[in-house]
Amino acid sequence: MNQQELHQLASKKVEENKPLIEKDSNRLQFHLMPPVGLLNDPNGLIHFNGLYHVFYQWNPFETSHGAKFWGHYTSKDLISWQEQPPALVPSEWYEKNGCYSGSAVEHNGKMYLFYTGNVKNKNNERETYQCLAVSHDGITFEKKGPVIFLPEDYTPHFRDPKVWQQDGIWYMVLGAQTEKEEGQVVLYASMDLENWEFKGPLAGGNLNGLGDFGYMWECPDLFKLGTQDILLASPQGLEPEGHLYQNLFQSGYFIGKWKPETNRYVHGDFIELDRGFDFYAPQTFEDNHGRRLLYAWMGLTDENEAFQPTIANGWIHALTLPRELVLKGDKLYQKPVAELTQLRKTHDFHQQVSLDNEAKSWTAINGTVSEIYIEVGQHEVTCFEINIRENVKLSFNYVKSMITLERKSFKDGSPESRSCQLPILKELHIFLDTSSIEIFLNGGQEVMTARFFAEPTEQTITFASRGKVDLWIEKWSLQLS
Ligand code: FRU
């Protein structure tokens, strides 16, 4: 199908699905979602000509993975978003099975999108092309076709270009798999964004002192924060290790020093970015205030996908809230962006409370779309717990110094959990949307993200302790105005 036909067909799907999403109580209130079909990775994050642009992997035709489009939202303030026509549709031979993930940069007043053309050829084998599309207005894009072909020693699992400029040179990192099935990040360089030179591997399994580390790394992102070079990657094939790597695929980062001249990257350990259930393929960008902001897919390609109830209403998945990254010592902290305070509609609760071996709830704290801020004061407890809408439980075990997030599995409602070591619990900042929760612990030292699907009538939030604890609690109802 040509571009126009694909656009028309997608618009028709969006229109047809409107009545279904309107009545869906799981539709999120302040997160980005697809109007119909499946959303996965955030793509092309950029602040361009006064607007934030968020593109996303989108299959408008099904609630499963397929030939991806680039869906597109714009915003002045990261809060109210406007849906734009799809930026890329898989109409050409070099992308016929999907315009896969990529990134955006500005050059000479134009927006340049780099993305992966995914092709299944006649023999059902994968082919991959790194492609370029250019726009003057940030809304319509002219495709320039492939600018990079698969180099030797790599399988066609070679994708997700992230481009940036440093000291007058354009660089690109790509997620890759070697013929030995090691996950890697590779580097290219260019002076003009069209001619790219292969510079070799930058990081990955069996490189830079890292042992065996997965069979494929997706969605890399390399950027400076302070004096450090941070590399994000989403490795596939890591085995669970205690409480680490509990999801099917992981997303995390390395802190290190990268020398562009030699392409040597010396780095520390891999650290997971989010310790909940639903977080993958994060991408960052520097905005016009000099902040390093991150969005991720609030989901994962795993067995949960098939059991998500929103499928009945023709859509699946969402993006996380935008988070600001701050480097503190040897840890990346993630903070909900300051703009989110604009969502606060009513300040329903702000009070010092005490729990003494009991469970308590307050009508003013209950609800489905809210922000809850908690400071933990004096305590002599072994356990502190918050129960949310009878579907999610967050508990801190003082004996083990361990935070645990539990939810009902989408498949059969049985409890499933993710845990993370936390030396001390000082503060919890919770963003609750109709079917998602994002918990920022101790100012973003750890974050836990999850989708959950509760009955709209289940609105109670209960606090409980074993022992005595003083809490300062604030709660706002949130609403997009
Ligand atoms: C990550 C990913 C990327 C790919 C895209 C396809 O979720 O697999 O590697 O470009 O999704 O939608």
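Rule-based calculations on the coordinates, nothing more; no lab input. From a predicted model like this one, the values you see are computed outputs, not experimental measurements. Note that each Cβ is placed from the backbone with ideal geometry, even for glycine, and that neighbours are counted across all protein chains shown.
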Checklist outcome for this item: Proxy exposure order for Lys122, Lys162, Lys328, Lys224 (fewest C-beta within 10 Å first) is Lys122, Lys328, Lys224, Lys162
Checklist entry - Tell me, what ³J(HN,Hα) does each residue in the range 88-101 have, in order and in whole Hz, if you take phi through Karplus 6.51 cos²θ - 1.76 cosθ + 1.60 with θ = phi - 60° and put x for Gly and Pro? => result 9, 10, x, 9, 9, 4, 7, 8, 5, 9, x, 8, 7, 4
Item to check | Per-pair calculated FRET efficiency, R0 = 51 Å: Ser481 and Arg126 via Cβ, rounded to 0.05 | outcome: 0.65
Item to check | Residue-wise HN-Hα coupling along the range 299-313, computed from phi with Karplus coefficients 6.51, -1.76, 1.60 (Hz; x: Gly, Pro) | outcome: x, 6, 7, 8, 5, 5, 3, 5, 9, 6, x, 5, 4, 4, 9
Checklist entry - What does the charge dipole of the range 170-228 about its Cα centre add up to, to the nearest 20 debye, if the Cβ of each Lys and Arg holds +1 and the Cβ of each Asp and Glu holds -1? => result 240 debye
Item to check | Lys/Arg +1, Asp/Glu -1 at C-beta; the range 240-398 dipole; positive extreme among Gly329, Val392, Gly242 | outcome: Gly329
Checklist outcome for this item: With 0.36 nm assigned to each residue of separation and the Cα-Cα distance removed, Asp77 to Glu142 gains 20.7 nm
Checklist outcome for this item: Around Val185 (Cβ within 14 Å, Cβ-to-Cβ, excluding Val185; K/R +1, D/E -1) the net charge comes to -1
Next on the checklist: Whole angstrom only: what separates the Cα centroid of the range 385-447 from the Cα centroid of the range 254-268?
Outcome noted: 34 Å
Item to check | GluC sites (Glu not before Pro) restricted to the range 385-447 and DSSP loop, no more than 16 other C-beta within 10 Å | outcome: Glu390
Item to check | Dipole magnitude (debye, nearest 20) for the range 215-331, charges at Cβ of Lys, Arg, Asp, Glu | outcome: 540 debye
Checklist outcome for this item: Measuring from its Cα centre, the chain shows a charge dipole (+1 at each Lys and Arg Cβ, -1 at each Asp and Glu Cβ) which, in debye to the nearest 20, is 480 debye
Checklist outcome for this item: Output for the range 1-104: GluC sites (Glu not before Pro) sitting in coil per DSSP, at most 15 other Cβ within 10 Å, listed by number, reads Glu62
Checklist outcome for this item: Along the range 342-350, Karplus-curve 3J(HN,Hα) (6.51, -1.76, 1.60; θ = phi - 60°) to the nearest Hz, with x for Gly and Pro, reads 5, 7, 5, 9, 10, 8, 7, 7, 7
Item to check | Stretch gain in nm, segment Asp269-Thr227, where the contour uses 0.36 nm per residue and the Cα spacing is subtracted | outcome: 13.4 nm
Checklist outcome for this item: Counting only backbone N atoms under 12 Å from a point 7 Å out along Cα-to-Cβ of Thr301, the residues of the range 221-262 in range are 236-237, 249
Item to check | Kirkwood Rh and Cα Rg combined as Rg/Rh, the chain | outcome: 0.96
Item to check | Dipole axis of the range 299-446 (+1 Lys, Arg; -1 Asp, Glu on Cβ), positive-most option in Gln342, Gln308, Val369 | outcome: Gln342
Checklist entry - Farthest toward the dipole's positive end in the range 346-478, which of Ser435, Ser409, Pro456, given Cβ charges of +1 (Lys, Arg) and -1 (Asp, Glu) about the Cα centre? => result Ser409
Checklist outcome for this item: To the nearest 10 degrees, the tilt of helix 3-22 (Cα long axis) against the first principal axis of the alpha carbons of the chain is 10 degrees
Checklist entry - At a Förster distance of 56 Å, what's the computed FRET efficiency of Lys259 paired with Glu375, Cβ-Cβ distance as r, to 0.05? => result 0.85
Checklist entry - Suppose R0 equals 51 Å; then what is the FRET efficiency for Glu455 and His65 from their Cβ-Cβ distance, rounded to the nearest 0.05? => result 0.95
Item to check | Sites matching trypsin sites (Lys or Arg not before Pro) across the range 368-419 that sit in DSSP coil, with at most 14 neighbouring C-beta atoms within 10 Å | outcome: Lys400, Lys411
Next on the checklist: For the chain, what does the helix formula give at 222 nm: sum of -39500 (n - 2.57) over DSSP H segments with n ≥ 4, over the residue count, nearest 500 deg cm²/dmol?
Outcome noted: -1500 deg cm²/dmol
Checklist outcome for this item: Site Glu427, offset 7 angstrom along Cα→Cβ, radius 11 Å on amide nitrogen, limited to the range 314-340, gives 335-336
Checklist entry - Modelled label-to-label distance, Asp167 and Asp356, 7 Å Cα→beta-carbon offset: nm? => result 6.5 nm
Next on the checklist: Using 0.36 nm times the number of residues separating His347 and Asn288, minus their current alpha carbon distance, what extension gain do you get?
Outcome noted: 18.2 nm
